[in-house]
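Read the structure below first, then the notes.
The values are calculated or read from the model by the stated rules, or taken from the named source; none is laboratory data. A quick note: this is a predicted structure, and the numbers were derived from the prediction, not measured. Neighbour counts are summed over all protein chains in view; Cβ atoms, including those assigned to glycine, are modelled from backbone coordinates with ideal geometry. To get the accessible areas, we keep the full protein, side chains included, count just its heavy atoms, and leave off ligands, DNA and RNA. Shrake-Rupley method; radii C 1.70, N 1.55, O 1.52, S 1.80 Å.
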Amino acid sequence: MTLSPTVSSALPESLLASLQANSRSVALPQGIHAFEAGQPCKAFLLVTHGSVKVVQHADDGREIVLYRVQDGESCLLTTACLLSGEDYAVSAITECETRALALPADTFNTLLDTDKDFRHYVFRHYSARMSDFIRLVRELAFGNLDRRLRHCLLERAGNTGHISMTHQALADELGSTREVVSRRLKEYENLGWIRLHRGEIELLDTQGLGHTH
């Protein structure tokens, strides 16, 4: 299996060889569940190409994006479930065609006990993703939606100046509602920071979006 430069540079050569020897390659089309809440965790997944969003669904049907798993990354909550033996409490959905290495749970536990490179990678990555997760919880609990929305727009647009996302998708990303996000976006449009199109947002003034109150 050909691995992306991101994956190859993230792992020691010996560990890559061990993972490839003990894993099976899986290909997942866009828009399907890699796993769902309530399912048992049967494998450690290392994404080699693509992107998977891990989401929590609220009782009212709303969805919040907890984090993404991309090239060279493993899933924080998959690792937690493997270590604890518990079922998934969240779901994961592919955002594009995605490929991954799937390491069976029993092999994961064996490597964790016997392979120091694998153990170091798992816990180093787990620690880093946990820090990101704690920042998200802090933002949701104490963060300002306006600041988070503007940051999200700038981050998602990158250097293109365009974002192909619906207002509902942005609301899911931020743990808010479509109505609230739409009102904020309309305010930004009135300020001349963005222009709204159907299913797309065009950034006109990144300096305005990036300013702090």
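Quick one: longest stretch of the chain between exposed loop GluC sites (Glu not before Pro), exposed meaning at most 16 other C-beta atoms within 10 Å and loop per DSSP?
98-213
Any idea which of SER127, PHE44, SER176 is furthest toward the positive side of the dipole for the chain, if Lys and Arg beta-carbons carry +1 and Asp and Glu beta-carbons -1?
SER176
Report, for the stretch 12-101, the % of DSSP beta bridges that are antiparallel, rounded to 5.
100
Calculate, for ALA17 and THR166, the FRET efficiency according to 1/(1 + (r/R0)^6) with r their C-beta to C-beta distance and R0 45 Å; round to the nearest 0.05.
The calculated FRET efficiency here is 0.60.
Within the stretch 171-213, list the trypsin sites (Lys or Arg not before Pro) lying in a DSSP loop whose Cβ has at most 11 other Cβ atoms in a 10 Å radius.
ARG198
Can you tell me, using C-alpha contacts under 8 Å and at least 6 residues apart, the relative contact order of the stretch 62-135 as a whole percent?
Relative contact order for the stretch 62-135 comes out at 39 percent.
Plugging the Kirkwood radius over Cα pairs into Stokes-Einstein for the stretch 68-213, at a temperature of 20 °C and a viscosity of 1.002 mPa s, what D comes out in µm²/s?
Diffusion coefficient, whole number: 120 µm²/s.
How big is the charge dipole of the stretch 49-98 about its Cα centre, in debye rounded to the nearest 20, if each Lys and Arg gets +1 on its Cβ and each Asp and Glu gets -1 on its Cβ?
100
Express the relative contact order of the stretch 54-213 as a whole percentage, based on alpha carbon pairs under 8 Å and six or more residues apart in sequence.
22
What does the extension gain come out to for ALA37 and SER84, with contour length at 0.36 nm per residue minus their alpha carbon separation?
Result for the pair: 15.4 nm of gain on full extension.
What length, rounded to one decimal in nm, is gained on full extension from LEU136 through to ARG195, with 0.36 nm per residue of separation minus their alpha-carbon distance?
Stretched fully, the LEU136-ARG195 segment lengthens by 18.5 nm.
How long is the gain from GLU187 to ARG68 if the chain were fully straight, where each residue apart is worth 0.36 nm and the alpha carbon distance is subtracted?
Result: 40.0 nm gained on full extension.
Give the separation of the Cα centroids, the stretch 64-126 to the stretch 151-189, in Å.
Here the two parts' Cα centres lie 29 Å apart.
Charges only on Cβ, +1 for Lys and Arg, -1 for Asp and Glu: so what's the dipole of the chain about the Cα centre, in debye to the nearest 20?
340
Using a 7 Å offset from the Cα along the Cα-to-Cβ direction at both ASN159 and HIS120, what is the distance between the two label points in nm, to one decimal?
3.3
Kindly report the accessible area of the stretch 54-213 per residue (heavy atoms of protein chains, probe 1.4 Å, no ligands, DNA or RNA), in Å².
About 54 Å² of surface per residue is accessible.
For the stretch 11-168, with all protein chains present and a 1.4 Å probe, just round the carbon and sulfur fraction of the accessible area to a whole percent.
Ligands and nucleic acids excluded, carbon and sulfur give 50 percent.
Mind checking which of ILE134, ILE64, ILE93 has the largest fluctuation in a GNM of the chain, springs on alpha carbons under 10 Å?
Most flexible of the set in this elastic network: ILE134.
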